[in-house]
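Student: Pasting a structure below so you can have a look.
The values are calculated or read from the model by the stated rules, or taken from the named source; none is laboratory data. From a predicted model like this one, the values you see are computed outputs, not experimental measurements. In this analysis, Cβ positions are derived from the backbone assuming ideal geometry, glycine residues included, and neighbour counts consider all displayed protein chains. Side chains included, ligands, DNA and RNA excluded: accessible areas come from the protein's heavy atoms. Shrake-Rupley method; radii C 1.70, N 1.55, O 1.52, S 1.80 Å.
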Amino acid sequence: MTDFNKYDEGMSNKISEYNLIPFNTTYASLDALKHWLADHGEGSATGGLANIAIFTIGWNPYSTIPSGSPEESGKKMISQWGSSDGHALTIVGYNDEIWCFDIDGDDQYTNDEDVDGDGDVDLFDCEKGAFKVANSWGTGFGDRGFIFVPYKLMAAGLQWADTAYVCKSQGDNEPLLGIKTSIEYPERNKLGFKVGYAQNANQTTPLNSTFYNSFIYQGGANQMRGAYNGPIEIGLDFGYWYQNEDVGKIFFIVDENENGIPTSGLIENFSMVDYRWGEVFELFCDETNVSIVNNDETVLSIDYDLIPHESDIVTNLSSLAIWFRGLLQQLMETPR
């Protein structure tokens, strides 16, 4: 993904943890996933989302909910998984009453009979009920980007069997300080991006620096945007790591780690963005189109004393007033 504005939006939407919800071939095993979708499994006012991994080569996403179904008649559903080419779908809801398969041909849609005759009543016998999923292929797919996955298909054929993946949001997490940069380089798995800080402009090396996991020798021997040519413009949340430190200088560091033929690339630009004052203030590094140093760190910096935010100033003044009152009290009580 390229475009600072997109990363900027992402900075406000971080996850605190991710987990998986297991299930098996029994109908009741889907309950935990349904509860997560309904109320995060904890009685919340809003529900959650979940991801499943599937195969698309050979799948059938063109079937429809049978006519006469009490819910969602005529809507698109997936009736068969593929066997290769992994993909992900996001589960956004569920409906137990949707008709899907009349497996035994009796014009009845049930979930409590052994309709396939194998001696067990399980998801393979589910003739009704489906999860609603969102795909990433635009509104031309399914019904404006959504489609139903019958419960029966959860029993077998998933890329990651018997598993749905979920994550929790960090909640309100507006960025305070951001890094904006544009990088061009042909093999992104040789690069690691990190930020650091020093306390004053005279320091030429950071007191501390931290890698970002999303950009630490990731993504294979591909260009910065994968299959697409050209540089990538990204945003990093500097304040996530260094929010309360005494900062007088901000560093952006590209670490090249390669073995073999040297690779050439550029840091086209680097700037820092301050969000703390109710408006966006951007300060640019004087150096542009800087060549990435082979098998070493390329270090750029911006001198910027982080003036305390107005709320911090009020707190500091209040503390100073308390201290001053205490000093006056001591002076008045001191014998002369």
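Student: For a distance above 27 Å, tell me the whole-number percent of Cα pairs in the stretch 1-143 that qualify. Write down the numbers at each step before the final one.
Tutor: Working: 3169 of 10153 pairs.
That tail contains 31 percent of the Cα-Cα pairs.
Student: A follow-up question, please. Out of the stretch 141-188, which trypsin sites (Lys or Arg not before Pro) are coil in DSSP terms and have no more than 15 other C-beta atoms within 10 Å?
Tutor: Working: sites: ARG144, LYS152, LYS168, LYS180, ARG188; in loops: ARG144.
Passing sites in the stretch 141-188 are ARG144.
Student: Within 10 Å, Cβ to Cβ, of PRO231, how many net charges do the neighbouring residues add up to if Lys/Arg are +1 and Asp/Glu are -1?
Tutor: On the way: positive: ARG225; negative: GLU184, GLU233, GLU268.
Spelling it out: positives minus negatives among the neighbours equals -2.
Student: Right, something else. Only loop residues by DSSP count here, and only those with at most 11 other Cβ atoms within 10 Å; note down the GluC sites (Glu not before Pro) in the stretch 18-101 that meet that. Don't jump to the answer; show the numbers that get you there.
Tutor: Working: sites: GLU42, GLU71, GLU72, GLU97; in loops: GLU42, GLU71, GLU72.
Loop-located and lightly packed - GLU42.
Student: What pairs in LYS34/LYS168; LYS6/LYS76; LYS128/LYS168; LYS6/LYS249 have C-alpha atoms more than 19 Å from each other?
Tutor: Numbers: LYS34/LYS168 16 Å; LYS6/LYS76 31 Å; LYS128/LYS168 30 Å; LYS6/LYS249 26 Å.
Listed pairs above 19 Å: LYS6/LYS76; LYS128/LYS168; LYS6/LYS249.
Student: Check which residues have an amide H placed less than 5 Å from ILE98's amide H, if you skip close sequence neighbours.
Tutor: Those lying under 5 Å, H to H, from ILE98 are GLY129, ALA130.
Student: With a ≥ b ≥ c taken as the square roots of the eigenvalues of the C-alpha gyration tensor of the stretch 12-53, please select rounded if a/c is under 1.5 and otherwise prolate if a/b is larger than b/c or oblate if it is not? Show your work: numbers first, answer last.
Tutor: Details: a/c = 2.73, a/b = 1.48, b/c = 1.85.
Here the stretch 12-53 falls in the oblate category.
Student: So, one more: Using a Debye calculation, one point per C-alpha and no hydration shell, please list log10 I(q)/I(0) for the stretch 90-156 at q = 0.17, 0.22, 0.26 Å⁻¹ in order.
Tutor: -0.62, -0.87, -1.05
Student: Show the residues, 5+ positions off or on another chain, whose built amide H is closer than 5 Å to the amide H of TRP160.
Tutor: ALA53
Student: To the nearest 20 debye, what is the magnitude of the charge dipole of the chain about its Cα centre, counting +1 on the Cβ of each Lys and Arg and -1 on the Cβ of each Asp and Glu? Display every interim value, and only then the final one.
Tutor: Working: 19 positive and 51 negative charges, 235 e Å.
Once rounded to the nearest 20, the dipole reads 1120 debye.
Student: To continue, here is another question. With the crude spin-label approximation of a point 7 Å out along Cα→Cβ, what separation in nm comes out for SER63 versus TYR228?
Tutor: 3.5
Student: Return the distance in nm (one decimal) between the two label points of a simple spin-label model at ASP112 and SER83, each offset 7 Å from Cα along Cα→Cβ.
Tutor: My value for the distance between the label points is 3.8 nm.
Student: Additional query: Return the calculated 222 nm mean residue ellipticity for the chain, to the nearest 500 deg cm²/dmol, obtained by summing -39500 (n - 2.57) across DSSP H runs with n ≥ 4 and dividing by the residue count. Intermediate values should be presented prior to the final figure.
Tutor: Numbers: 4 runs with 45 residues, N = 336.
Computed ellipticity for the chain at 222 nm equals -4000 deg cm²/dmol.
Student: Mind checking the full-extension length gain between ASN213 and ALA38? Use 0.36 nm per residue of separation minus the Cα-Cα distance, one decimal, nm. Present the calculation step by step, with values, prior to reporting the outcome.
Tutor: Details: separation 175, 0.36 × 175 = 63.00 nm, distance 3.16 nm.
So the extension gain works out to 59.8 nm.
Student: On alpha-carbon atoms, Rg over Rh for the chain using Kirkwood Rh? Write out the running numbers ahead of the final one.
Tutor: Working: Rg = 28.0 Å, Rh = 24.5 Å.
Rounded to two decimals, Rg/Rh equals 1.14.
Student: Can you pull out the trypsin sites (Lys or Arg not before Pro) in the stretch 1-46 whose DSSP state is coil and whose Cβ has at most 15 other Cβ atoms within 10 Å? All intermediate terms of the calculation are to be shown ahead of the outcome.
Tutor: Working: sites: LYS6, LYS14, LYS34; in loops: LYS14.
Here the trypsin sites (Lys or Arg not before Pro) that fit, given the DSSP loop and packing criteria, are LYS14.
Student: What are the semi-axes of the equivalent ellipsoid of the stretch 120-213, taken as the square roots of 5 times the eigenvalues of the Cα gyration tensor, listed largest first and rounded to whole Å? Present the calculation step by step, with values, prior to reporting the outcome.
Tutor: On the way: eigenvalues 449, 57, 50 Å².
Result for the stretch 120-213: semi-axes of 47, 17, 16 Å.
Student: Also, quick follow-up: Which ³J(HN,Hα) values in Hz, rounded to whole numbers, follow from the phi angles of the stretch 130-135 under the Karplus curve 6.51 cos²θ - 1.76 cosθ + 1.60, where θ = phi - 60° and Gly and Pro get x?
Tutor: Result, ordered by residue: 7, 8, 8, 10, 9, 9 Hz.
Student: Answer with one residue from ASN229, THR204, PRO150: the one whose Cα lies farthest towards the positive end of the charge dipole of the chain, charges on Cβ with Lys, Arg +1 and Asp, Glu -1.
Tutor: Farthest along the dipole direction, towards plus: THR204.
Student: Rounded to the nearest 20 Debye, what is the dipole magnitude of the stretch 1-132 about its Cα centre when Lys and Arg each give +1 and Asp and Glu each give -1 at the C-beta?
Tutor: Details: 7 positive and 25 negative charges, 191 e Å.
I would put it at about 920 debye.
Student: Next question. Measure off, as a whole percent, the carbon and sulfur share of the 1.4 Å-probe accessible area of the chain, all protein chains present.
Tutor: Numbers: 8960 of 18340 Å².
C and S atoms contribute 49 percent here.
Student: How many nm is it between the label spots at ASN294 and ASP172, if each spot is 7 Å from the Cα in line with the beta carbon?
Tutor: Placing both labels 7 Å beyond Cα along the Cβ direction yields 5.2 nm.
Student: How many angstrom lie between the C-alpha centres of the stretch 255-300 and the stretch 134-168?
Tutor: 39
Student: Sticking with this one: Using the Cα atoms as the points, what is the convex hull volume per residue of the stretch 69-225 in Å³? Numbers along the way, then the final one.
Tutor: Numbers: hull volume 31.8 nm³, N = 157.
For the stretch 69-225, the hull spanned by Cα atoms encloses 203 Å³ per residue.
Student: How much FRET efficiency would the formula 1/(1 + (r/R0)^6) give for TRP277 and GLU17, where r is the Cβ-Cβ distance and R0 is 30 Å, rounded to 0.05? Show your work: numbers first, answer last.
Tutor: On the way: r = 32 Å, r/R0 = 1.06.
In this case the efficiency is close to 0.40.
Student: Next question. What net charge is computed for the residues neighbouring GLY142, neighbours being all others with C-beta under 11 Å from the C-beta of GLY142, Lys and Arg scored +1, Asp and Glu -1? Can you show the working numbers first?
Tutor: On the way: positive: LYS75, LYS76, LYS132, ARG144; negative: ASP143.
For residues surrounding GLY142, the net value is +3.
Student: How much length would be gained if the chain were fully extended between ASP96 and ASN200, taking 0.36 nm per residue of separation minus their Cα-Cα distance, in nm to one decimal?
Tutor: Details: separation 104, 0.36 × 104 = 37.44 nm, distance 6.23 nm.
Extra length from ASP96 to ASN200 when fully extended: 31.2 nm.
Student: Sort out for me the Cα centre separation of the stretch 179-204 from the stretch 32-72, rounded to whole Å.
Tutor: So the separation of the two Cα centres works out to 41 Å.
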